[in-house]
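Student: Structure incoming, see below.
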Amino acid sequence: MEMNQYLEVFIEESKEHLQACNEQLLELEKNPEDIKIVNEIFRSAHTLKGMSATMGYEDLANLTHQMENVLDAIRNQKIKVNAEILDVVFLAVDDLEAMVLSIAEGGDGKRDVSAAVSKLKLIEKGQSPIQFETKTETAAALAGPSPAMKSTYDEFEWTVIQQSKEQGFETYEITIALRGDCLLKAARVYMVFEVLEKIGEVIKSTPSVEQLEEEQFDQEFSVTIVTHEPKEDVEQKLLKVSEVEKAKVSSLLLEELRQHEQETETEAVSSSSEAETLLAENQPKHEKKAQAAKQTSNKTIRVNIERLDILMNLFEELVIDRGRLEQISRELNNQELHETVEHMSRISGDLQNIILNMRMVPIETVFNRFPRMVRQLARDLNKKINLEIIGADTELDRTVIDEIGDPLVHLIRNALDHGVETPEVRKANGKNEEGNVILKAYHSGNHVFIEIADDGSGINKEKVISKAIKKGIITEQTASVLSDKQAYDLIFASGFSTAEKISDVSGRGVGLDVVKNTIESLGGSVTIDSKVGQGSIFSIQLPLTLSIISVMLVEIEEEKYAIPLSSIIETAIIKKGDIMRAHNQKVIDFRGKVVPLLSLKDIFDIPSDQQESEFLSVVIVRKGDKMAGLVVDSFIGQQEVVLKSLGNYLTNVFAISGATILGDGQVALIADCNALIK
C-alpha cells in the first residue's frame, strides 16, 4: 500500500474515532457509572494513539496518550466521572480534531496542547483541573500579553504608530477574551470593532480581520489601536459588549516595541535555520509525507462557492435556451430536430442533477455542533436536557445550509430557555426531570422540513396575547378572534418576548423575528404548534435549491405568470354559480373545505375588456394549513424555469418573488403564494 493510501485511511479513521469519542462522552455524562461506555472511548483513543505514533504525528499521539491515562483510571475506578473532568476531556478532543483537520489540509498536525495535557495530568493524579487554571491565570497576569498574542508590525504600521505618538495619541495593545460558551464569535468581534472604531483608529489585529470574521481563533484575540481615550475608559466600553469576558488594555511603549521587533527577527532566523537542518536530516520522510498529502488532496478538491455559482448561472442560461429549442422543435415539426432536442434535454437534465448535487451538503454539518452546545446551555441554565437528532444525512443546497445555522441556534436556545422547565418544576408537574429536545430533518417533495420539538411547558396563548396588546402589536378587538396558531405567530413579531427575566441565553426581545425573516428570505416558512404543559414544535419548510424550480405556467389576458409547483395542491375548473360569499369574500367548497378565491387579474391590476365566462380556471395553492384558489384565464402547462431576482429597483413588489425568461423570449413573473395567503 502506498504512503498516500495510509494517510487517507488515517485521516478518515481518525475523524470516525473522534466523532465516536464526542458521542460516547455525551452518553457517559448521562450514565457516569457505565464502564462499557468508558471502554468504548478508551478503545477509540487507544487506536488513534497507535495510528498517530505510526504516522509520526507526535503531538497527536502524546495528547491521546494522556487522555488514555485518564480514561484508564476512570475504568479502573480510581477516578469518578464528573462534569469538571468531562469538560477537560472535551477540550482534549477539540485539540485532536484541530490537529486532524490540519493534517487533512496538508499541514504537519502540530499544535500547542500544553493546557489540555497539564489538566489531564492533574486529573490523573486525582487533583482538580481548576488548580491548573488558577495557576495559569496568575502567571499570565504577571507576565502580561503572551508572545503568541503580541502583534508584530510592518514598516507602514510602525510609521503610523510613531506619528500618532508625536501628535499626542496613545497606542494601546488590547487583549480581548470572549466567554467560553460564546456561540456567535464573529458577531461579537464585529461589535468589538464597532466600539473601537468609534473611539479611535484600529492599526492591527492578531489574528487578521479575515480570520476573525471566519472564527479562526479560540477565545482570545488582540487589537492595536491609537486613541485619545484613557486606558480605563477603553476597557469599560469593551466590557459592555455582550459575551466579552476580559479586555486587558496595555500601553505600547516605543522602546519595548523596538526590542520586541528585534527579538522576533532573531527568533525567525533561528527557527528558519533549525527547520532547514531538520529538513536536511529527514529529507526522505518529509518528501513522502508531502507527496502523500498532495496525492490525497487530488481525490477531492475544494471549490470556491463563487465558481459553483458561476457554473450554475451558465447552466441557467442553458435551461432558457433549452426551452426555446423545445418550442422551435414543436413549431417546425422536424423529426430529426425533435430527436436531437429530446436527447439534449435528457443530457442537460442529467447535467442539472450533477450541478445541483455538487452544491448539496448533508445537514449534519450544521447539526453536529448542537449536542455540545445543548450540553453547555443545559449546565448554564441548571436544566437536564436530552437532545435527539434525526435525519442528519438529509441534504440541502449549500447556500441554504450557510444561512440556516443561526436561525436553528436561536430556536434551540429558545426551546432550552423558554420551553423546557427546570428539573424541580418538571418533577412537580409529574414529568421526568430530564427534558427532551428533538431536532429532525426530512425530505418531502421539493422541500426539506426541519422540526425542533420539546416536551416543555408549551406556549401560553393568553400570556402571548396579553404581551402583544401591551406592546401595541395587536388590538384587543383583533385578539378576541385569533386562533391558537395565529396567537403563536405573534412571538415572531419584532421585539416580542415573554421572558420575565432577561438572560444571556435568550429573552432579550430579539431573535425570533430574525429567524422568520431569514427563513422567508430563503423561500421558506416557519410554523408553530404547541400545547400548554406538553411542549412545542417549530417546523421550518425550505426549498431544496434556490435557482431552478418547477412551475405551472398560467395565462391572464395576454400575460404569462408562473406558480411554483411546490405550493400547488391541484388545478380545477369551477362553475361561476358554485361561488359563494362569506365575510365579504368570494369562496368555494373544495372537498368539504371553505377556500377563499383570489383573482390574480385584480391583485396584479391587469386591464381587461373581456367578460367572465361561465367556467373559471382555478389553481388551488397552500401555505402550511391554509389554502386559497387563484383564478386565472387558462393553464399553459408545467415547466422547469430559472428563478431570477427583479433587481434592486423592484424589491417591494407585492406577491412577486422573481421572474423567468421563457423559451420564446417572453418574461413571466413568478407569483409568491406565501404573500398571497395571509
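Student: Within segment 405-423, is even one residue without any contact (Cβ under 8 Å) to a residue 40 or more places away in the chain, not small (Gly, Ala, Ser) and not in a strand (DSSP E or B)?
Tutor: Checked against the condition, which is being without any contact (Cβ under 8 Å) to a residue 40 or more places away in the chain, not small (Gly, Ala, Ser) and not in a strand (DSSP E or B), segment 405-423 yields at least one hit.
Student: Examine segment 12-24 for a residue that is at pLDDT below 90, assigned to a helix (DSSP H, G or I) and over 17 Å from Val100 (Cα atoms), and state whether such a residue exists.
Tutor: Among the residues of segment 12-24, at least one is at pLDDT below 90, assigned to a helix (DSSP H, G or I) and over 17 Å from Val100 (Cα atoms), which makes the answer yes.
Student: Out of Val117, Val160, I need the residue that is hydrophobic (A, V, I, L, M, F, W, C), outside the structural domain of Ile74 (by TED's automatic domain parsing) and modelled with pLDDT of 75 or more. Which one?
Tutor: Val160
Residues checked against (1) closer than 21 Å to Ile656 by Cα; (2) charged (D, E, K, R); (3) in a strand (DSSP E or B):
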site	(1), (2), (3)
Thr527	no, no, yes
Phe538	no, no, yes
Leu542	yes, no, yes
Glu555	yes, yes, yes
Lys560	yes, yes, yes
Ile563	yes, no, yes
Ala572	no, no, yes
Arg581	no, yes, yes
Val587	no, no, yes
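Student: Still on this structure, I have one more. Mind listing whichever residues of segment 216-249 are of a type in the set (S, T, N, Q), modelled with pLDDT under 85 and touching a strand residue (DSSP E or B) at 6+ places or on another chain (Cβ under 7 Å)?
Tutor: Once the filter is applied, which keeps residues that are of a type in the set (S, T, N, Q), modelled with pLDDT under 85 and touching a strand residue (DSSP E or B) at 6+ places or on another chain (Cβ under 7 Å), segment 216-249 yields only Gln219.
Student: Something else now. Please state which of the following conditions Lys586 fails to meet, knowing it meets all the rest: (1) touching a residue at least 40 places away in the same chain (Cβ under 8 Å); (2) over 30 Å from His443 (Cα atoms); (3) surrounded by fewer than 16 Cβ atoms within 10 Å (Cβ to Cβ).
Tutor: Against the list (1) touching a residue at least 40 places away in the same chain (Cβ under 8 Å); (2) over 30 Å from His443 (Cα atoms); (3) surrounded by fewer than 16 Cβ atoms within 10 Å (Cβ to Cβ), Lys586 comes up short only on (1).
Student: Quickly run through segment 200-210 and pick out the residues that are modelled with pLDDT of 80 or more and of a type outside the set (A, V, I, L, M, F, W, C).
Tutor: Residues satisfying the conditions are Gly200, Glu201, Lys204, Ser205, Thr206, Pro207, Ser208.
Student: Name the one entry in Asn432, Asn368 that is surrounded by fewer than 17 Cβ atoms within 10 Å (Cβ to Cβ), touching a residue at least 12 places away in the same chain (Cβ under 8 Å) and touching a helix residue (DSSP H, G or I) at 6+ places or on another chain (Cβ under 9 Å).
Tutor: It is Asn368.
Student: Let me ask something else about it. Looking at segment 565-583, which of its residues are surrounded by 12 or more Cβ atoms within 10 Å (Cβ to Cβ), over 39 Å from the mean Cα position of the chain (by Cα) and small (Gly, Ala, Ser)?
Tutor: If the condition is that a residue be surrounded by 12 or more Cβ atoms within 10 Å (Cβ to Cβ), over 39 Å from the mean Cα position of the chain (by Cα) and small (Gly, Ala, Ser), then Ala572 is the only one that fits.
Student: Hey, among the residues in segment 48-70 that are over 32 Å from the mean Cα position of the chain (by Cα) and polar (S, T, N, Q), which one's surrounded by the fewest Cβ atoms within 10 Å (Cβ to Cβ)?
Tutor: Result: Thr54.
Student: Right, another one. When you go through Gly637, Gly629 one by one, which is the residue that is touching a strand residue (DSSP E or B) at 6+ places or on another chain (Cβ under 8 Å) and over 25 Å from Ser539 (Cβ atoms)?
Tutor: Among Gly637, Gly629, only Gly637 is touching a strand residue (DSSP E or B) at 6+ places or on another chain (Cβ under 8 Å) and over 25 Å from Ser539 (Cβ atoms).
Student: Of the residues that make up segment 392-400, is at least one of a type outside the set (A, V, I, L, M, F, W, C) and in a helix (DSSP H, G or I)?
Tutor: Yes, that holds for at least one residue.
Student: Same structure, new question: Report yes if some residue within segment 134-141 is surrounded by 12 or more Cβ atoms within 10 Å (Cβ to Cβ), at pLDDT 75 or above and farther than 30 Å from Glu201 by Cα; otherwise report no.
Tutor: No, that holds for no residue.
Student: To continue, here is another question. For segment 592-637, which positions are out of contact with any Lys or Arg (no Cβ under 7 Å at 6 or more places or on another chain), assigned to a loop (DSSP other than H, G, I, E, B) and exposed (fewer than 10 other Cβ atoms within 10 Å of the Cβ)?
Tutor: Within segment 592-637, Gly592, Asp605, Pro607, Asp609, Gln610, Gln611, Ser613, Asp625 meet the criteria.
Student: If I ask for residues that are under 30 Å from the mean Cα position of the chain (by Cα), part of a helix (DSSP H, G or I) and without any contact (Cβ under 8 Å) to a residue 24 or more places away in the chain, which ones from segment 467-496 would you list?
Tutor: Result: Gln486, single match.
Student: I need the full set of residues from segment 374-383 which are surrounded by fewer than 18 Cβ atoms within 10 Å (Cβ to Cβ) and under 17 Å from Ile452 (Cα atoms), in order please.
Tutor: Listed by number, the list is empty, since nothing qualifies.
Student: Further question: State which residue is surrounded by the fewest Cβ atoms within 10 Å (Cβ to Cβ) when the search covers only segment 638-653 and only residues that are free of Cβ contacts under 8 Å to residues at least 24 places away in the same chain and among the hydrophobic types (A, V, I, L, M, F, W, C).
Tutor: Only one residue fits best here, namely Leu650.
Student: Can you tell me how many residues within segment 74-88 are in a helix (DSSP H, G or I) and in contact with a helix residue (DSSP H, G or I) (Cβ under 6 Å, 6 or more places away or on another chain)?
Tutor: 5
Student: Which of the following residues is under 30 Å from the mean Cα position of the chain (by Cα), at pLDDT below 80 and surrounded by 15 or more Cβ atoms within 10 Å (Cβ to Cβ): Val505, Val515, Val464?
Tutor: None of the others qualify; the one that does is Val505.
The values are calculated or read from the model by the stated rules, or taken from the named source; none is laboratory data. As the structure is a computational prediction, the values presented were derived from the model and not from experiment. Every residue, glycine among them, receives a Cβ derived from its backbone with ideal geometry; neighbour counts consider all protein chains shown.
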